[in-house]
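Novice: My questions will all concern the structure given below.
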Amino acid sequence: MMEVEELTKVKKEKTNGHGVPATGMGPSAYMGKVTRLNEHLVEIISDSGEGAQKCGQSFGSIVAQMGLGVWTTEIIPAEIRPPARSVAGASGNRIRFGSKRVTNGGNETDLVIAFNEQVLLGRVRSKELKPGCTILLESMWRDDKRVAKSYTDAVEQLISAGYKVYEIPMDKECRKIVSDPRKGKNMFALGVLCGLYSLDLQSARDQVVLTFGKKAAKVIESNIALLDAGYAWADANLDFKYEIPAEKSTEPQIVVNGNTALALGVLASGMEICAMYPITPATSASHYLSDAFEEVGGIVHQAEDEIAACCFAIGASYAGKCTVTITSGPGYSLKQEAIGLAVMGEIPLVVVNVMRGGPSTGQPTKTEQGDLMTTIFGSHGDAPKVVIAPATIEDCFYSMITARKIAETFNMVVVILTDANLASSQQPFKRPVFDEGWLAPPIDQSAIPPGAKPYDWDPKTGLARRFIPGQPGGMHTLTGLAHDENSHVAYDPEINQRSMRARSLKLATLQKTLNPPPIFGDPTGDMLVIGWGSTKGAIEEAVELLRQEGKKVSSLHLTFIQPLPPGIKEILAGFKKCITIENNWSDSPNDEMIDGSNRRYSALAILLRSRYLVDIDCWSECRGTPLKPNTVRRVIEEAMA
Amino acid sequence: MNNISLNVLNGNGAATEPLNVNDCLLQLYEEHYELEDYQKGVPRWCTGCGDNAILTAVQRLCRDEALPPEKTVFVSGIGCSSRLPHYMNTYGFHSLHGRALPVAEGIRLARPDLKVFVNMGDGDCCSIGAAHWIHAIRYNMNMTAMLHDNNIYGLTKKQASPTSPIGLKTNTTPRGSYLDALNPLTVTLGVSNVSFVAQVVDWIPKLLYQTIQAAYHHKGFAFIRVIQRCPEWLPTHMEAYMQDPTRVLLLHHENGLHVDDELAKRYTKMQEHDPSDINRAREIASGSDPIPVGILYRNDEVPCYEDVRFDSRLRTTSLVKNGLEAEFDKFTIWPDGHAHVSRN
């Protein structure tokens, strides 16, 4: 899939785009080989605290700035400060970028820049690097007696395994500019990468200014000097360079990760209170929101626990300000009882579950789609709620606006299910154009007409007008107990049946307003792949490749999971075989103990099989990593064989 | 319902003199309410249950303070006492076991214009919801919180509660409860930002009312422990205290409760206590026989969380739009290829 074209670059007056550097360096002196690529996957890894993540994010922003498609994925160790130079301690970022729009984190890494050999070995062992890929490795360890042997052994092993290893004296070069290279090596590395990929140095400098914008001018200057030095070092010392042609967007684009997109969505939805309790990997949304609310007006309330955060949000929503609470799996489990209260009381509420590996504490920094069932069926008794699963970073933004509207229109709980993959990945999307209709209307404080009831359920739709404190004549006591139209506690069999029906009917009413989901590919064929949430990019990329090879495969991606949109049964009927591909658990039919009578299917497959009575197969994995297009492709090929 | 609506400025509803701007900011209508304006339904508590006394006291308070029923919210947890909002003709929120406080806090932060009252039982506040209790004290949000403490789980039929005295026989402690009782007063007085702590007993209605009234007028989290009887499960538990007035210690002070002659005649054991003295308050709080009754601690200077957090800016569409556009700017890549660094 990678089109490679070798060019010999003549000494150019300009680098790329508007490349005459403003200060310092002259035009690039590089005279070597330049390879043109369609796309590449780069990763930068270090010990925690050495700044590889910042380097990766900046690199992602610079390539986006150049007009390239990009998807960045964070590499996060489970601990804040794992031991230095440890195999499990790799911290950093993977950046997949290319001429076209990039929709997912991609396959294995093409080029890696590593601050020590141990974190590198960790990545090799977890099979994240492409065999024989290019490695740029900090060489300072060669001179450190304590670790020199382990370093040279590793380099030899990697070379004999076919990797192309380039040693870079990052520490030594940085010492020419700063006294502590641990603080600054990342900007040198950024410079090396910008040089290697023929990126515009001035854009890189602008990005450094943005990254360190709040710091002193001296800090910015020294970081720019490091960047320049890395760029120059790559030009002078490496005999290869890449160039990836950019197709510039004509529209302004936003580059944020999924959690920031969610938080921007909170601002745009008009919600002004977010109640939360710290939990990985959801918390960064609240970090950003805490800061942004200072400008826009609003409050992030860090409650004493997850239950309090949910109850606080329910109280504020009940009082007229639809509120969001943001959490991840363990926190979601704790909120379940309170979510049931909001369902029973018909209080609008938006809950975000940024899924991580479960069960229990599981894999806090890793991605998984394991919470679909607990979200749909969770809370005891029948607790119907809306479940929306954004598939892209852009979806994270807009789903928040949609969620607030649905919550207030239907007086329901709306759960947004994202995951660690979306939470920490960055992908540019079209800058939204503000619409007044996004915002919540003012709190209704008009008098309630005599005789009106707080739960005057419409017999057809289940909907009822909500009374908000402050409305004269609307006084009633909301209760989590079974209640009648007047919100009076009622154990009468008929009343309970009636109120359960009304709460359930609201889902059907919402479902009638949804459109059938679009099919990716032809509406008929041999195989339909069905997915949900953050796996969309990887699934569609694999399906696209297979289609180019003539395979009759299409895919369907579901954003509304509760209620499921109309038209799915008809879509399923167009295909000989259907399979869900998910990032959660399902038994493999190949296991000795597993047969048709005991196989546990993955979550979406269970839902679809039970609803449409179609024999939908499933494939899933729980490796804690985003699905790779190559994996999806292999799974589809095997399923079609 | 509202019997009289008087126009303060002019009885005929028309201004006879030119108004100045300041007059317009005054409340134009003075509302008068009767007790029945706050009453709803027939309480289903047992005869002699302390909850009845608390309900009567809060209904009287609402009438005397002329609280508009639509601007008043009673929040409760789960338990016998938590049925109270159902008998108030105000807004009410009968929430989850232990979770009344965070619900009330959410209401308070969203709507500073509402008067918020919280009713919880001892299982609710001191056991399943204890984490929220500790933090509610620290948040110090403006609300009146009543702990209906009968030392027993009533609705689930006689199990030991954290405040059950050691040795109390219940269905879960048939040979007597094993541990010393938790003292809600000393706990409350030990938390940072504590601003109002009082204790009262259900069988002295006059003091019950006065205490709740003082709590209502306190700006901050006003915590009242009401020691109350459970005639169903512990019919004789408080008998000795009720029979012997010397087993009640009345705390009085010019900044605390005022004890009138009638009370003073019956309750001879009295002590002057300055509610600003937290160390003395803690000493008094640790005594349980005689039962100290009155305001143990009051500090009006403790900041309220909602005041610290409330954003007084009017959240207009243009404020949100401009703020959002400024946030977008931080992350925008413009088609001309350069970040607009200066826009930040």
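The values are calculated or read from the model by the stated rules, or taken from the named source; none is laboratory data. All values reported here derive from a predicted model rather than from experimental measurement. Cβ placement follows ideal geometry from the backbone for every residue including glycine, while neighbour counts extend to all protein chains displayed. All accessible areas refer to the heavy atoms of the entire protein, side chains included, with ligands and DNA or RNA removed. Shrake-Rupley method; radii C 1.70, N 1.55, O 1.52, S 1.80 Å.
Novice: Does the stretch B:118-128 contain any residue that is open to solvent by less than 10 Å² (accessible area, probe 1.4 Å), farther than 20 Å from A:His476 by Cα, part of a helix (DSSP H, G or I) and within 14 Å of chain A (Cβ to nearest Cβ)?
Specialist: yes
Novice: Filter the stretch B:142-176 down to the residues that are assigned to a loop (DSSP other than H, G, I, E, B) and of a type in the set (D, E, K, R), then identify the one that is surrounded by the fewest Cβ atoms within 10 Å (Cβ to Cβ). Can you show your working first?
Specialist: Looking only at the stretch B:142-176, we keep the residues that are assigned to a loop (DSSP other than H, G, I, E, B), and these are B:142, B:150-151, B:154-158, B:161-176.
The next check asks that each one be of a type in the set (D, E, K, R); those that pass are B:157-158, B:169, B:175.
Values: B:Lys157: 11, B:Lys158: 18, B:Lys169: 14, B:Arg175: 7.
Within the stretch B:142-176, the match that is surrounded by the fewest Cβ atoms within 10 Å (Cβ to Cβ) is B:Arg175.
Novice: Residue under question is B:Ser312, and the condition is that it be part of a loop (DSSP other than H, G, I, E, B) and surrounded by 13 or more Cβ atoms within 10 Å (Cβ to Cβ); does it hold?
Specialist: Judged against the criteria, B:Ser312 is not a match.
Novice: Another question, if that's okay. Would you pick out the residues in the stretch B:212-271 that are among the acidic types (Asp, Glu) and open to solvent by less than 50 Å² (accessible area, probe 1.4 Å)?
Specialist: Selection gives B:Asp260 alone.
Residue-by-condition table, conditions (1) assigned by TED's automatic domain parsing to the domain that holds A:Arg175; (2) part of a helix (DSSP H, G or I); (3) farther than 21 Å from A:Asp171 by Cβ:
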| position | (1), (2), (3) |
| --- | --- |
| A:Ser198 | yes, no, yes |
| A:Gln202 | yes, yes, yes |
| A:Arg205 | yes, yes, yes |
| A:Val209 | yes, yes, yes |
| A:Gly213 | yes, no, yes |
| A:Ala236 | yes, yes, no |
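Novice: In addition: Write out, first by first residue and then by second, each pair whose Cβ atoms fall under 7 Å of each other, whose residues are 6+ apart or on separate chains, and whose first residue, in the stretch A:196-211, is free of Cβ contacts under 8 Å to residues at least 24 places away in the same chain while the second is of a type outside the set (Ser, Thr, Tyr).
Specialist: If the second residue must be of a type outside the set (Ser, Thr, Tyr), the pairs left are A:Val209/A:Ile220; A:Val209/B:Val341.
Novice: Output the residue which, of all residues in the stretch B:291-318 that are facing chain A (nearest Cβ under 8 Å) and in contact with a helix residue (DSSP H, G or I) (Cβ under 7 Å, 6 or more places away or on another chain), is nearest to B:Arg225 (Cα to Cα).
Specialist: Across the stretch B:291-318, the extreme among qualifying residues is B:Arg309.
Novice: Next question. Just the residues that are of a type in the set (Asp, Glu) and within 14 Å of chain B (Cβ to nearest Cβ), please, taken from the stretch A:217-247.
Specialist: Matches in the stretch A:217-247: A:Glu247 only.
Novice: Could you give every pair whose Cβ atoms fall below 7 Å, whose first residue belongs to the stretch A:102-116 and is closer than 25 Å to A:Val155 by Cβ, and whose second residue is part of a strand (DSSP E or B) and of a type in the set (Asp, Glu), counting only separations of at least 6 or pairs across chains?
Specialist: Final answer for the pair search is A:Thr109/A:Glu43; A:Val112/A:Glu43; A:Ala114/A:Glu138; A:Phe115/A:Glu138; A:Asn116/A:Glu138.
Novice: So A:Gly320 ticks every box in (1) buried (at least 24 other Cβ atoms within 10 Å of the Cβ); (2) facing another protein chain (nearest Cβ under 9 Å); (3) in contact (Cβ under 8 Å) with a residue 24 or more places away in the chain; (4) out of contact with any strand residue (DSSP E or B) (no Cβ under 6 Å at 6 or more places or on another chain) but one. Which box is left unticked?
Specialist: Single failed check for A:Gly320: (1).
Novice: Could you look through the stretch B:177-198, keep only residues that are closer than 13 Å to B:Gly220 by Cα and not hydroxyl-bearing (Ser, Thr, Tyr), and pick out the one that is surrounded by the fewest Cβ atoms within 10 Å (Cβ to Cβ)?
Specialist: B:Asn193
Novice: Output yes when any residue across the stretch A:76-89 is in contact with a strand residue (DSSP E or B) (Cβ under 9 Å, 6 or more places away or on another chain), in the same structural domain as A:Arg146 (by TED's automatic domain parsing), at pLDDT 90 or above and hydrophobic (A, V, I, L, M, F, W, C), and no when none is.
Specialist: no
Novice: Quickly run through the stretch A:460-480 and pick out the residues that are more than 34 Å from the chain's Cα centre (by Cα), in contact (Cβ under 8 Å) with a residue 40 or more places away in the chain and in a loop (DSSP other than H, G, I, E, B).
Specialist: A:Lys460, A:Thr461, A:Gly462, A:Ala464, A:Arg466, A:Ile468, A:Pro469, A:Gly470, A:Gly480
Yes/no per residue for (1) β-branched (Val, Ile, Thr); (2) open to solvent by 10 Å² or more (accessible area, probe 1.4 Å); (3) modelled with pLDDT under 95:
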residue	(1), (2), (3)
A:Ile393	yes, no, no
A:Val413	yes, no, no
A:Leu417	no, no, no
A:Ala423	no, no, no
A:Trp457	no, yes, no
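Novice: While we're looking at this one, here's another question. Conditions: (1) over 42 Å from the mean Cα position of the chain (by Cα); (2) within 9 Å of chain B (Cβ to nearest Cβ); (3) surrounded by 15 or more Cβ atoms within 10 Å (Cβ to Cβ). A:Ile495 meets all but one. Number of the miss?
Specialist: The one condition A:Ile495 does not meet is (2).
Novice: While we're on this one: All but one of (1) open to solvent by less than 10 Å² (accessible area, probe 1.4 Å); (2) of a type outside the set (Val, Ile, Thr); (3) in contact with a helix residue (DSSP H, G or I) (Cβ under 7 Å, 6 or more places away or on another chain); (4) under 26 Å from B:Thr317 (Cβ atoms) hold for A:Ala303, so report the exception by its number.
Specialist: (4)
Novice: Which numbered condition in (1) more than 28 Å from A:Asp419 (Cβ to Cβ); (2) within 14 Å of chain B (Cβ to nearest Cβ); (3) touching a Gly at 6+ places or on another chain (Cβ under 9 Å) is the only one that A:Thr250 fails?
Specialist: Among (1) more than 28 Å from A:Asp419 (Cβ to Cβ); (2) within 14 Å of chain B (Cβ to nearest Cβ); (3) touching a Gly at 6+ places or on another chain (Cβ under 9 Å), the lone unmet condition for A:Thr250 is (3).
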